[in-house]
1. All but one of (1) in contact with a helix residue (DSSP H, G or I) (Cβ under 8 Å, 6 or more places away or on another chain); (2) in a helix (DSSP H, G or I); (3) crowded, with 16+ Cβ neighbours inside 10 Å hold for Gln124; which doesn't?
2. Quick one: in the stretch 217-231, of everything that is of a type outside the set (Gly, Ala, Ser) and part of a loop (DSSP other than H, G, I, E, B), which residue is farthest from ligand 2 (Cβ to nearest atom)?
3. So Val336 ticks every box in (1) within 16 Å of ligand 2 (Cβ to nearest atom); (2) not assigned by TED's automatic domain parsing to the domain that holds Ile147 but one. Which box is left unticked?
4. Does the stretch 278-297 hold any residues that are within 15 Å of Val119 (Cα to Cα) and without any contact (Cβ under 8 Å) to a residue 60 or more places away in the chain, and which are they?
5. For the stretch 234-248, name all the residues that are open to solvent by less than 10 Å² (accessible area, probe 1.4 Å) and either assigned to a helix (DSSP H, G or I) or basic (Lys, Arg) (or both).
6. Going through the stretch 72-81 one residue at a time, which ones are out of contact with any helix residue (DSSP H, G or I) (no Cβ under 6 Å at 6 or more places or on another chain) and either on the phi > 0 side of the Ramachandran plot or open to solvent by less than 40 Å² (accessible area, probe 1.4 Å) (or both)?
7. Taking the stretch 320-343 on its own, how many of its residues are acidic (Asp, Glu) and touching a strand residue (DSSP E or B) at 6+ places or on another chain (Cβ under 8 Å)?
8. For the stretch 75-87, enumerate the residues that are free of Cβ contacts under 8 Å to residues at least 60 places away in the same chain and either farther than 21 Å from Ala34 by Cα or among the basic types (Lys, Arg) (or both).
Amino acid sequence: MRFFETSFGRSYDRTFVLVRLRGGGVDGWGEAVADADPYYSSETTETVWHILTEFLAPLVVGRTFAEPADVWPALARVRGHNMAKAAVEMAAWDLHAKQLGVPLWRLLGGSGAPVASGVSIGIQDSIEQLEDRVAAERADGYQRIKIKIKPGWDLAPVEWLRARFGAMPLMADANAAYTLADTDRVGALDQFDLMMIEQPLGYDDLLDHATLQRALRTPLCLDESIVSPRVAEMALREQACRIINIKPGRMGGFLESRRVHDLCEQAAVPVWHGGMLESGIGRAHNLHLSTLPNFRLPGDIAASRRYYAEDLIEPPIEVSPDGTVPVPSDGPGIGVAVDHDRVARATLRHTEISSS
Ligand code: OSB
Ligand code: MG
């Protein structure tokens, strides 16, 4: 088992909440992307459990919705907690697609075409180790390499990779590890022609990102900061970034993600699909959404085998030699079969909520 390290820490395993919505004789699945620790976002596995069971479930269980787009507004009374909301909202989209017998991408307005995939490589113990990892991922076909950076692990690894691998599509993700005081250090990355620098500054520092973007040639991409269409609108208006990373978990689900996608499309700002180390269930959702037209850059949509020895779905999600990942099409909805035995073996806690 390999670790995954970002500027906020190293992780060896993953605990997450799955939602299974039942209706009309079919099941819809959702995966909450919150981590055990509140480091990427303020939500955790435990807050997701609490909010889902105490507050969100009562708003949806036993109710009839004309379409999945009606679920997000029904959750509006609960403030924040986008990852918990997304798990139930995305399960509703899967459920509805299955009830209609259509693939999820069709309901979302996507094309269902294979998705260009990049790969996210965590902070390593040495530059040599990083080089080995990059070489292996390139051999697997991934179309762009993203490395995690933080102060002290930034210029040297990027310079090394450029020297070793030349002009490959390369980007860096800082997960909010810098401040405007580091402008010169971040600016020094300009010479390496990165596709983008992702979330260099604080998660709520839209205006500082705008200041930094004016000082840089390299496009900035926002991840943590973009938690709603409203914030995306402000980021676009203030030119805080030139690219946006869409993660439906961070945005509260598909409806809000699609709104951000559309806003960016109107502003001629490309988006790409981020990842949260999801299991095959969450990854399947991501693939369907990634086939909307303004997803114009490779996503963090790598094979689930990179993170999990044994996935929750059958067959696993794999990358093709050309660096694309086919959208799962083994049935309607998310198009993957959930391995119920595997889920049962991994289950730490379980509850069932029915309408009374
Ligand atoms: O910032 O994109 C991020 C993983 C966990 C939390 C935040 C991030 C990431 C990744 C991994 O970069 C993307 C993936 O392959 O799922
Ligand atoms: Mg990121």
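1. Unmet for Gln124, out of (1) in contact with a helix residue (DSSP H, G or I) (Cβ under 8 Å, 6 or more places away or on another chain); (2) in a helix (DSSP H, G or I); (3) crowded, with 16+ Cβ neighbours inside 10 Å: (2).
2. Arg217
3. Condition (1) is where Val336 drops out.
4. Listed by number, the residues that qualify are Arg283, Asn286.
5. If the condition is that a residue be open to solvent by less than 10 Å² (accessible area, probe 1.4 Å) and either assigned to a helix (DSSP H, G or I) or basic (Lys, Arg) (or both), then Ala235, Pro248 are the ones that fit.
6. The first filter runs over the stretch 72-81 and keeps only residues out of contact with any helix residue (DSSP H, G or I) (no Cβ under 6 Å at 6 or more places or on another chain), leaving 73, 76-77, 79-80.
Within the stretch 72-81, just Gly80 meets the criteria.
7. Kept after step one, since they are acidic (Asp, Glu), are these residues of the stretch 320-343: 322, 330, 339, 341.
Filter once more, keeping what is touching a strand residue (DSSP E or B) at 6+ places or on another chain (Cβ under 8 Å): 330, 339.
Within the stretch 320-343, residues that are acidic (Asp, Glu) and touching a strand residue (DSSP E or B) at 6+ places or on another chain (Cβ under 8 Å) number 2.
8. Passing the criteria: Arg77, Arg79.
The values are calculated or read from the model by the stated rules, or taken from the named source; none is laboratory data. Every value quoted in this text rests on a predicted model; they were computed, and no experiment measured them. Cβ coordinates were reconstructed from backbone atoms using ideal geometry, including for glycine residues, and neighbour counts include every protein chain displayed. Just the protein is used for accessible areas: all its heavy atoms, side chains included, with ligands, DNA and RNA removed. Shrake-Rupley method; radii C 1.70, N 1.55, O 1.52, S 1.80 Å.
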